[in-house]
Amino acid sequence: YYNKEVGGNFRLDAIQAAVLRVKLKYLDEWTHARQRNAALYRKLFTGDQIAYEGVTQSFETNRVQLPTEAPERRHIYNQFVIIAERRDELQGFLKEKRIGTEVYYPVPLHLQECFAGLGYQAGLFPNSEEAAKHTLALPIYPELSAEQHLSVVQAIKEFLS
């Protein structure tokens, strides 16, 4: 996430291609599972009551901003990224609870070393800079269970209270 040079690795060898060819048939199934998982997070975070496996829970967490959705678009939820004011503390708290999270872009592009020659300075893109300080990706993989969702949201609620 810290780039000194602009570059890329665009090679795909025969073994990787063979594996991806097999995985491709599962792509829509995985996408639907991630969309289902995102919907469950939204219900838990917005205070809607939900019932699953005989348990009903309700939460109100207004100090976490959820990802926005454009109704005319199809979101695949490769990540489910929230915005939290005390992101680093929250991430540490969740790690103690054995809940994996990730900060994907800790430095905005305009402040990366590889783009220093463009002359952009801190403060020119405040939204990007704020996002770099406050975004946190929660678990969203297709096999995530309802109990695991609940554990994530309960832990965040505990941290915020």
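The values are calculated or read from the model by the stated rules, or taken from the named source; none is laboratory data. Treat the numbers as computed from the prediction; the structure is a model and nothing was measured. A quick note on method: Cβ atoms are made from the backbone with ideal geometry, for glycine too, and the neighbour counts reach across all protein chains shown. Protein only, heavy atoms only, side chains kept; ligands, DNA and RNA dropped before computing areas. Shrake-Rupley method; radii C 1.70, N 1.55, O 1.52, S 1.80 Å.
Descriptive notes on the structure:
- Per residue, the solvent-accessible area of the chain (1.4 Å probe, heavy atoms of protein chains only, all protein chains present) comes to 70 Å².
- Entries in Lys4/Lys95; Lys23/Lys43; Lys95/Lys157; Lys23/Lys97 that, when Cα-Cα distance is taken, lie over 20 Å: Lys4/Lys95; Lys23/Lys43; Lys23/Lys97
- Förster radius 41 Å - calculated FRET efficiency between Arg36 and Ala116 (Cβ-Cβ, nearest 0.05): 0.45
- The slack in the chain from Ile83 to Leu109, taken as 0.36 nm per residue of separation less the alpha-carbon distance, amounts to 7.5 nm.
- Ordering Ile83, Tyr120, Leu24 by the projection of their Cα atoms onto the charge dipole of the chain, which places +1 on the Cβ of Lys and Arg and -1 on the Cβ of Asp and Glu, puts Leu24 at the extreme positive end.
- With at most 13 neighbouring Cβ atoms within 10 Å, loop chymotrypsin sites (Phe, Trp or Tyr not before Pro) (DSSP) excluded, longest segment of the chain: 27-103
- FRET efficiency, 1/(1 + (r/R0)^6) with R0 25 Å, evaluated for Tyr1 and Leu27 via beta carbons: 0.45
- Computed label-point distance, nm, for sites Ala70 and Glu102 using a 7 Å Cα→Cβ extension: 2.3
- Checking [x] 54; [y] 48; [z] 58 against the coordinates, the calculated percent of Cα pairs over 21 Å apart falls under label [z].
- Extension gain, Tyr141 back to Arg63 (0.36 nm per residue minus Cα-Cα distance, nm): 25.7 nm
- Carbon + sulfur, % of accessible area of the chain - ligands and nucleic acids excluded, 1.4 Å: 52
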